[in-house]
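A quick write-up on the structure given underneath.
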Amino acid sequence: MRTNSTTLCGFVEERSIPAGEEFIRQDDIGDRCFVLASGQAAVLQRDEDDEIVLSTVGPGECLGELGYFSDGRRSASVRALEDLEVLELYYTDLQRAS
């Protein structure tokens with residue numbers, strides 16, 4: 001019998017994101033989360049006039065997971081500071097794996 005972690009691994013996709021790409025956008029409705037495998041990314045928020053960097057994240061950190069608990073609404077943006085390798089997982093697959 002397969003364990004939940006084994007099932008979950010079957011849903012994860014590897015993805016490359018080029019430096020400079022904003023792959024999570026504040027206020028968008030998202031449908032997936034990411035785990036950084038390599039590289040650095042900036043988490044930022046915007047208002048009418050400014051862009052504020054909240055943090056810099058690196059390998060092993062999860063991004064976009066809070067959207068799972070808030071109907072997918074993104075509270076911040078994330079931009080690749082360098083080329084990234086990420087593991088991508090759709091929220092619907094999280095539900096299927098449980």
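The figures follow:
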item: Criterion: touching a Gly at 6+ places or on another chain (Cβ under 8 Å) and of a type in the set (D, E, K, R) - qualifying residue of R46, R74, R25; result: R74
item: Positions within the stretch 34-59 being out of contact with any Pro (no Cβ under 6 Å at 6 or more places or on another chain), within 16 Å of I17 (Cβ to Cβ) and not hydrophobic (A, V, I, L, M, F, W, C), in sequence order; result: G39, Q40, T56, G58, P59
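Each value in this text was obtained by applying a stated rule to the coordinates, not by laboratory testing. No experiment lies behind these values; they were computed from the predicted model shown. Note: ideal-geometry Cβ built from the backbone for every residue, glycine included; neighbour counts use all protein chains shown.
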